[in-house]
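My structure is below; once you've seen it, I'll send some questions.
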Amino acid sequence: MNNTETKQKLLDQLYEPYKQCLLCPLAKQGRTNVVFGEGNVNSHLMFIGEGPGREENEQGKPFVGRSGKLLTRLLTIVGIDRQDVFITNIVKCRPPGNRRPTFEESSTCKKILLLKQIEIINPKIICTLGSCAVENIIEKQVAISKIRGTCLPWNNRIIIPTFHPAYALRNPRVIETMVEDILNAKRKSEI
Ligand code: URA
């Protein structure tokens, strides 16, 4: 079995027991799909958002709604095909009304799925989208406008935070900054 097949198998085995997960309150708040994440399991670059929205919940795929379309466009601008990177979220089930996940929800999901996904995929660079993602990973509150674009060392990897595409949809002036941050993340992942 090659590296890709091994990683894919490990990820499939990780996902399997949680396809109907009941470990946090999001299980019973309108969830249709546990949105595990998708993309290249061998990528050195991983993107982590907050949690699935309505369309992601329906389709079972991350970032396929309006925010996702913007993310895909930003990736294209910097020369990344979205299939070539791995994309996931802090929580895998949709928070009702797209509210921010609670500490209980995000810490549960992080422990059972996210940290293990990161271990298996083993990316050099993690580009977090929005404050929820970076705060949950580094376990510290941040001002996203201050730390975006910086390199935060974390568990032998580098976190590069940027804004959330949903924020950019409301504030298009940050799109250029996001392009800069994603390009920086791409370049660092290639070193
Ligand atoms: N917002 C997120 O944070 N993640 C998604 O998958 C979609 C929208």
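The values are calculated or read from the model by the stated rules, or taken from the named source; none is laboratory data. Quick caveat, the model's predicted, so the values are computed rather than measured. Here Cβ is always computed from backbone atoms with ideal geometry, including for glycine, and neighbour counts include all displayed protein chains. We work out accessible area using only protein heavy atoms, side chains counted, and drop any ligands, DNA or RNA first. Shrake-Rupley method; radii C 1.70, N 1.55, O 1.52, S 1.80 Å.
Within the stretch 143-176, how many residues turn out to be open to solvent by less than 30 Å² (accessible area, probe 1.4 Å), away from the ligand (no atom under 16 Å from the Cβ) and not in a strand (DSSP E or B)?
So the count comes out to 1.
Can you pull out every residue in the stretch 19-40 that is in a loop (DSSP other than H, G, I, E, B), under 22 Å from Asn136 (Cβ atoms) and either near the ligand (Cβ under 9 Å from one of its atoms) or touching a residue at least 24 places away in the same chain (Cβ under 8 Å) (or both)?
Answer for the stretch 19-40, where residues must be in a loop (DSSP other than H, G, I, E, B), under 22 Å from Asn136 (Cβ atoms) and either near the ligand (Cβ under 9 Å from one of its atoms) or touching a residue at least 24 places away in the same chain (Cβ under 8 Å) (or both): Cys21, Leu23, Cys24, Gln29, Gly30, Arg31, Asn33, Val34, Val35, Phe36, Gly37.
So, one more: Quick check: is even one residue across the stretch 74-82 open to solvent by 50 Å² or more (accessible area, probe 1.4 Å), within 27 Å of Arg173 (Cα to Cα), hydroxyl-bearing (Ser, Thr, Tyr) and in a helix (DSSP H, G or I)?
Of the residues in the stretch 74-82, the ones open to solvent by 50 Å² or more (accessible area, probe 1.4 Å) are 76-77, 79, 81.
From the residues that got through so far, the ones that are within 27 Å of Arg173 (Cα to Cα) too are 76-77, 79, 81.
Retained after the next criterion (residues that are hydroxyl-bearing (Ser, Thr, Tyr)): 76.
Narrowing further to those that are in a helix (DSSP H, G or I): 76.
So far as the stretch 74-82 goes, yes, one or more of its residues are open to solvent by 50 Å² or more (accessible area, probe 1.4 Å), within 27 Å of Arg173 (Cα to Cα), hydroxyl-bearing (Ser, Thr, Tyr) and in a helix (DSSP H, G or I).
Just wondering, is there one or more residues in the stretch 80-95 that are away from the ligand (no atom under 16 Å from the Cβ) and closer than 17 Å to Thr128 by Cα?
Step one: of the stretch 80-95, the residues away from the ligand (no atom under 16 Å from the Cβ) are 80-81, 84.
Narrowing further to those that are closer than 17 Å to Thr128 by Cα: 80, 84.
The answer is yes, given that some residue of the stretch 80-95 is away from the ligand (no atom under 16 Å from the Cβ) and closer than 17 Å to Thr128 by Cα.
Could you list, in sequence order, the residues of the stretch 118-136 that are over 11 Å from the mean Cα position of the chain (by Cα), aliphatic (A, V, I, L, M) and either assigned to a helix (DSSP H, G or I) or surrounded by fewer than 22 Cβ atoms within 10 Å (Cβ to Cβ) (or both)?
Ile120, Ile121
Against the conditions (1) away from the ligand (no atom under 16 Å from the Cβ); (2) surrounded by fewer than 17 Cβ atoms within 10 Å (Cβ to Cβ), where does Gln59 fall short? Just the number, please.
Against the list (1) away from the ligand (no atom under 16 Å from the Cβ); (2) surrounded by fewer than 17 Cβ atoms within 10 Å (Cβ to Cβ), Gln59 comes up short only on (1).
Pick from the stretch 41-56 the residues that are more than 10 Å from the ligand (Cβ to nearest atom) and of a type outside the set (Ser, Thr, Tyr): which of them is nearest to the chain's Cα centre (by Cα)?
Within the stretch 41-56, the match that is nearest to the chain's Cα centre (by Cα) is Met46.
Separate question: Restricting attention to the stretch 180-190, and to residues there that are touching a residue at least 24 places away in the same chain (Cβ under 8 Å) and surrounded by fewer than 17 Cβ atoms within 10 Å (Cβ to Cβ), which single residue is nearest to Gly79 (Cα to Cα)?
Leu183
Examine the stretch 98-110 for a residue that is in a strand (DSSP E or B), touching a residue at least 24 places away in the same chain (Cβ under 8 Å) and within 15 Å of the ligand (Cβ to nearest atom), and state whether such a residue exists. Working first, answer last.
Step one: list which residues in the stretch 98-110 are in a strand (DSSP E or B), which gives none.
No.
Return the residues of the stretch 44-55 that are open to solvent by 10 Å² or more (accessible area, probe 1.4 Å) and in contact with a strand residue (DSSP E or B) (Cβ under 7 Å, 6 or more places away or on another chain); say none if nothing qualifies.
Matches in the stretch 44-55: His44, Glu50, Gly51.
Before we move on, is Arg148 under 21 Å from Pro25 (Cα atoms) and either in contact with a strand residue (DSSP E or B) (Cβ under 8 Å, 6 or more places away or on another chain) or not aromatic (Phe, Trp, Tyr) (or both)?
For Arg148, the condition - under 21 Å from Pro25 (Cα atoms) and either in contact with a strand residue (DSSP E or B) (Cβ under 8 Å, 6 or more places away or on another chain) or not aromatic (Phe, Trp, Tyr) (or both) - is not met.
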